[in-house]
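Written below as structure tokens is the structure these notes are about.
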Amino acid sequence: MFEHKNRSPETPSAASQPSSPPPVHDTGTVHQTTDHDALHPTRILIVDDHAVVRNGIAFSLQAFPDMDVVAQASTGEEALHVCAEAEVLPDVVLMDLMMPGMGGVAAIRELQNAYPQVQIIALTSFQEGTLVEDALHAGAIGYLLKDVAIEELAKAIRLASCGVPILAPAAAKALVNVVVRRPPPIGQDLTEREREVLGLLAVGLSNQEIARRLVITPATVKFHMRGIRSKLGTSSRTETVVVALNYHLAPTTA
């Protein structure tokens, strides 16, 4: 599930070491563990209903001196209890989404409401766009899949602890697909003239009265009415008015 990438950096000999301070590395690409990191590691709570998964993640994160798995929980309810009883809150929570009881999304929402300073990464096997959206709306700062390499997970934890969002590429793609395929809000495609007609219709004016008010012909009013009903999916004047009022589509300038 979590694989370590082999690293074999070359170590210069003592004779070749420069006397000047070492160069500063780009921490945006490679995280260099510092003494401060080791003294103040990121506190992590792992929430997953499978003990094998929890223990595997905890074991793998031991390879990083700046990571400290301080607690584990098997349900969302248990995670809330752990945080409520903790003397020091975790910095980052790794949250599974499909668990018995309240579930991961609800647990994220509850944790964020109670402890907004705690950053939560959804860590799951599922990449459906609606699930990604639900987790982010609930307050998760990141969304990763369980096949992520342990180095990438550690990087995500560091970013989350600094308030930087991160999404797995597959999750980001799924989220985009959901947004693109979602139908526009009802009435969004009404023209300005159709909104004017709709506003006058909503206050009870007849086609003839609307025509006089807008200085157009009754035939033109009927044309606009057909367009309005088509866009709103209604079949009568009464239904059209009800939809217009419910969705606040009718101007209040009649």
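Since every read-out is calculated from the coordinates, none of them should be taken as a lab result. What you are looking at is a predicted structure, and each value in this text was computed from that prediction instead of being measured. No Cβ is skipped: glycine too gets one built from the backbone with ideal geometry, and neighbour counts run over all protein chains shown.
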Checklist outcome for this item: A careful count of residues in segment 203-254 that are part of a loop (DSSP other than H, G, I, E, B), on the phi < 0 side of the Ramachandran plot, out of contact with any Lys or Arg (no Cβ under 9 Å at 6 or more places or on another chain) and among the hydrophobic types (A, V, I, L, M, F, W, C) gives 1
Checklist entry - Being under 26 Å from ASN177 (Cα atoms) and under 14 Å from the mean Cα position of the chain (by Cα), is that true of even one residue in segment 108-118? => result yes
Item to check | Residue among LEU159, LEU200, LEU153, LEU175 that alone is touching a residue at least 60 places away in the same chain (Cβ under 8 Å), surrounded by 14 or more Cβ atoms within 10 Å (Cβ to Cβ) and assigned to a helix (DSSP H, G or I) | outcome: LEU153
Checklist entry - If you scan segment 122-136, which residues turn out to be within 14 Å of MET99 (Cβ to Cβ) and surrounded by fewer than 19 Cβ atoms within 10 Å (Cβ to Cβ)? => result SER125, PHE126
